[in-house]
Amino acid sequence: MNFVLSEAYSQYKNDILNILKNFKNEGTVVGHGNRNVVKFFIVNDLKFNFKSFKQHNIINRHVYKYYRKSKSRRSYEYAQMLLDKGFFTPKPVAFIENHDWIGVTSSYYVSEQLEDVFTLSDVLHNDDFIDRNKIIKAYTNLIFQLHENGIIFIDNASGNFLIKKTGENFQFFLVDLNRMNFYESIDIDKRLINFERLTNDLETIKIISAEYARLSGNSPEFCLKKIVDFTNKKAFKRKVKKILKFYKYFLPKL
């Protein structure tokens, strides 16, 4: 086992190890758990969020042990890096990797569980959400600041942003951190394609385009056309993938 624990939570080492032993049967499930399993556990009035990553195939198990950092380790290290740069994410507590001679058998990322938050999905899927436009602009500003710091948050989907209202402002916490790319500088196409997964709603894209144009010094028309084109291409690829996945069940097996 490779167990790396933040010094700030060193007193919880035994509690975390006990939770891991009983992870399957205890804890409160968060979300649907279609791919990864997320649960929270309460220890001395403190809530810990445990993310158990989906079991990899035999090739990736080997890769994540010998050639590439595991998803749990990347999540932990990227969380530390984001906090160091002034961005927000639930406080990282630990990452755990279990191995056999082939590679990683299981891995976990532990962070603090946030309370009194809502997601960007809640905002985008409700046209009447209070301060909707303000929140979308604040989200766009966050993505721009990430880009300015050379960070592409690949899983830029609305469910990966937790939002807490503080006074008249909104604080964004990034989650699902294991996929990020880092650059010295990021050109405008690479910046705008980063929005391709967020939404197909044209009115929302218009708000994002206008705000990103204001921040970046590009024209709103240019940003809008780019984001719409990238979004449509992504949607088309998804549709083709679903069709191919459907028809493969009717192909004769060799």
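The values are calculated or read from the model by the stated rules, or taken from the named source; none is laboratory data. This one's a predicted model, so the numbers in the text were calculated from it and none came from an experiment. Glycine also receives a Cβ, built like all others from the backbone with ideal geometry; neighbour counts cover every protein chain displayed. Surface accessibility is based on the protein's heavy atoms, side chains included, excluding ligands, DNA and RNA. Shrake-Rupley method; radii C 1.70, N 1.55, O 1.52, S 1.80 Å.
Things worth noting here:
- Among the residues of segment 81-96, the one identified as free of Cβ contacts under 8 Å to residues at least 24 places away in the same chain and surrounded by 15 or more Cβ atoms within 10 Å (Cβ to Cβ) is Met81.
- Restricting attention to segment 123-143, the residues that are within 14 Å of Lys164 (Cβ to Cβ) and part of a helix (DSSP H, G or I) total 5.
- Filtered residue count, segment 51-70, keeping only those that are without any contact (Cβ under 8 Å) to a residue 24 or more places away in the chain and either open to solvent by 100 Å² or more (accessible area, probe 1.4 Å) or on the phi > 0 side of the Ramachandran plot (or both): 4
- Once segment 25-50 is narrowed to residues that are among the polar types (S, T, N, Q) and under 18 Å from Pro92 (Cβ atoms), the residue that is surrounded by the most Cβ atoms within 10 Å (Cβ to Cβ) is Asn49.
- Looking across segment 144-161 at every residue that is open to solvent by less than 10 Å² (accessible area, probe 1.4 Å) and not in a helix (DSSP H, G or I), the one that is nearest to Ser121 (Cα to Cα) is identified as Phe161.
- One residue stands out in segment 1-57 among those that are touching a helix residue (DSSP H, G or I) at 6+ places or on another chain (Cβ under 9 Å) and in a helix (DSSP H, G or I): the one that is nearest to Glu97 (Cα to Cα), namely Ile16.
- Of all residues in segment 238-247, at least one satisfies being modelled with pLDDT under 80, surrounded by fewer than 17 Cβ atoms within 10 Å (Cβ to Cβ), within 15 Å of Ala157 (Cβ to Cβ) and charged (D, E, K, R).
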